[in-house]
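This structure is in structure tokens; I'll ask about it shortly.
The values are calculated or read from the model by the stated rules, or taken from the named source; none is laboratory data. On a predicted model such as this, the values are computed, not experimentally measured, just so you know. Note: ideal-geometry Cβ built from the backbone for every residue, glycine included; neighbour counts use all protein chains shown.
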Amino acid sequence: MNVVITGIGLWTALGDTAIATWQRYCEGKTALIRTPEGLVGATALPIEKIIATTTTQALNDAKLTAPLSSAGVVVGSSRGFQAQWETWLRQSSLSRETWLQTLPAAVSQQVAQIVGTQGIVLNPTAACATGIWAIAQGALLIEQGHCDLVLAGGVESAVSSLTLAGFQQLGVLAQERAAPFDRQRQGFGLAAGGAIVVLESEAGARSRAIEPYARIAGLGLSADAEHMTAPSVHQRGALLAIQRALAQANLTPQAIHCIHSHGTGTVRNDAAEAAWIQALFAQGVPVTSHKGALGHTLGAAGAIAIALSCLSLREQQIPPCVGCNTPDFDLNIVQQTFPAHLEHILCCSYGFGGQNAVIVLARP
């Protein structure tokens with residue numbers, strides 16, 4: 001593909017900018033704290049604040065100024081404005097006009113208003129695969145000639161009573177620590193966050209004399225069509241998504257220098273991911289996950305993984321899988337940040353309903 005990433009907007013519970021998050025993440029810090037309900041991010045913002053912050057950061061980083069009347073927007077969320085709805089229901093203070101401004105499609109509409117575009121505006125929802133799904137869709141809009149420039153990603157502010165209760169019932173919310181791929185893993189910590197990236201054609205980036213973070217080399221999207229909440233026991237859907245992404249990038253598994261995994265820290269997810277990594281990739285490929293540091297941001301998680309992997313390519317460093325002290329699998333789990341020669345990173349997200357989304361990033 002001839003699509004590159006030229007700007008990053010990132011807000012997480014660990015840092016309010018891409019650089020702040022990256023530095024603390026590489027130091028092995030975590031944003032998760034214990035509460036009576038379970039682990040959650042230490043800081044949060046309403047979703048509209050995350051949208052405004054990440055959109056503005058992405059535009060500034062890419063040296064772009066609104067309005068951009070023909071830009072595309074593909075930004076989604078898993079929970080959207082659910083937290084605000086829960087607050088309004090408790091307070092009985094909901095007006096018709098306010099409600100209309102918080103319908104699911106309002107996530108991408110708010111980005112479009114900041115950007116000032118009359119171009120294509122899409123609002124995908126694919127559970128925890130939403131962020132990568134959105135970036136993949138944005139790349140396809142450029143590749144197919146529909147747009148020259150697209151803002152794409154995922155945003156989430158899901159720490160609410162209903163969401164916490166749901167994950168508690170499923171038994172996937174950690175109570176003490178988030179530890180992806182660890183023998184003592186308990187589940188994940190829920191957190192707010194968001195990442196929006198600027199996508200454009202390589203020719204467009206050259207014409208603006210801007211240095212890309214990464215090139216989108218290949219993407220793969222698939223569905224398990226097996227179970228609403230559990231990963232496939234056969235991993236066929238995940239394997240298909242990865243194989244499609246590698247084929248489009250014209251790469252073999254041996255060309256992948258790092259896997260930024262979904263790595264939720266739940267018993268079944270980590271076991272399923274470990275199985276396909278062992279099936280497809282040579283032993284020794286470094287594997288990391290940001291969820292022990294930043295928490296699980298649901299629909300934003302994949303977009304955050306893409307943003308962090310862009311920084312990995314630029315800095316030529318692999319950050320740690322924070323929380324994993326004793327790996328439960330025969331994998332090269334990264335436990336401390338280290339320098340590495342990185343040309344290709346595989347970013348993976350999986351969501352309820354059997355959603356699988358994979359992107360291969362290449363060093364530009």
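With the structure loaded, tell me whether Arg206 is of a type in the set (D, E, K, R), at pLDDT 95 or above and assigned to a helix (DSSP H, G or I) or whether it fails that test.
Here the answer is yes, as Arg206 does meet what is asked.
Now, a different point. If the Cβ limit is 6 Å and pairs must be 6+ apart or interchain, which residue in the range 320-336 that is at pLDDT 95 or above pairs with which residue that is of a type in the set (S, T, N, Q)?
Cβ pairs passing all conditions: Pro320/Gln335; Pro320/Gln336; Pro320/Thr337; Cys321/Thr288; Cys321/Ser289; Val322/Thr30; Val334/Thr288.
Across the range 243-275, what is the total count of residues that are on the phi < 0 side of the Ramachandran plot and buried (at least 20 other Cβ atoms within 10 Å of the Cβ)?
Residues in the range 243-275 being on the phi < 0 side of the Ramachandran plot and buried (at least 20 other Cβ atoms within 10 Å of the Cβ): 16 in total.
Only one of Val40, Val4, Val115 is under 19 Å from Tyr213 (Cα atoms), more than 16 Å from the chain's Cα centre (by Cα), surrounded by 19 or more Cβ atoms within 10 Å (Cβ to Cβ) and of a type in the set (Val, Ile, Thr). Can you tell me which?
The conditions single out Val4.
Of the residues in the range 128-156, how many are of a type in the set (Asp, Glu) and part of a strand (DSSP E or B)?
So the count comes out to 1.
Could you list, in sequence order, the residues of the range 311-354 that are crowded, with 24+ Cβ neighbours inside 10 Å and of a type outside the set (A, V, I, L, M)?
Ser312, Pro319, Cys321, Gly323, Cys324, Cys347, Cys348, Ser349, Tyr350, Gly351
Consider Arg185 against the criteria (1) touching a strand residue (DSSP E or B) at 6+ places or on another chain (Cβ under 9 Å); (2) buried (at least 24 other Cβ atoms within 10 Å of the Cβ); (3) under 23 Å from Cys348 (Cβ atoms): it satisfies all of them except one. Which criterion is unmet?
Exception for Arg185: condition (1).
Could you check the range 68-85 and list, in sequence order, the residues that are surrounded by fewer than 23 Cβ atoms within 10 Å (Cβ to Cβ), touching a strand residue (DSSP E or B) at 6+ places or on another chain (Cβ under 8 Å) and of a type in the set (A, V, I, L, M, F, W, C)?
Within the range 68-85, Leu68 is the sole residue that qualifies.
For the range 12-37, name all the residues that are touching a residue at least 60 places away in the same chain (Cβ under 8 Å), hydroxyl-bearing (Ser, Thr, Tyr) and part of a loop (DSSP other than H, G, I, E, B).
Correct list: Thr30 only.
Which number in (1) buried (at least 24 other Cβ atoms within 10 Å of the Cβ); (2) under 18 Å from the mean Cα position of the chain (by Cα); (3) not small (Gly, Ala, Ser) marks the one condition that Leu149 misses?
So Leu149 meets the others, but not (2).
Since Ala158 meets every condition but one in (1) modelled with pLDDT of 95 or more; (2) under 17 Å from the mean Cα position of the chain (by Cα), which condition does it not meet?
(1)
Restricting to the range 152-182, give me the number of residues that are surrounded by fewer than 24 Cβ atoms within 10 Å (Cβ to Cβ), closer than 17 Å to Ser78 by Cα and not hydrophobic (A, V, I, L, M, F, W, C).
4
Within the set of pairs 6+ apart or on separate chains, which have a first residue in the range 170-189 that is closer than 17 Å to Asp328 by Cα and at pLDDT 95 or above, a second that is aromatic (Phe, Trp, Tyr) and part of a loop (DSSP other than H, G, I, E, B), and C-beta atoms under 7 Å apart?
Filtered contacts from the range 170-189: Phe181/Phe329.
Now a separate question. With the checklist (1) crowded, with 22+ Cβ neighbours inside 10 Å; (2) in contact with a strand residue (DSSP E or B) (Cβ under 6 Å, 6 or more places away or on another chain) in hand, flag the one item Ser289 doesn't pass.
Exception for Ser289: condition (2).
Let me ask something else about it. If you go through the range 43-52, how many residues are surrounded by fewer than 17 Cβ atoms within 10 Å (Cβ to Cβ) and in contact with a helix residue (DSSP H, G or I) (Cβ under 9 Å, 6 or more places away or on another chain)?
Residues in the range 43-52 being surrounded by fewer than 17 Cβ atoms within 10 Å (Cβ to Cβ) and in contact with a helix residue (DSSP H, G or I) (Cβ under 9 Å, 6 or more places away or on another chain): 1 in total.
Looking at the range 82-101, can you tell me whether even one residue there is within 23 Å of the chain's Cα centre (by Cα) and part of a loop (DSSP other than H, G, I, E, B)?
No, there is no match, as no residue in the range 82-101 is within 23 Å of the chain's Cα centre (by Cα) and part of a loop (DSSP other than H, G, I, E, B).
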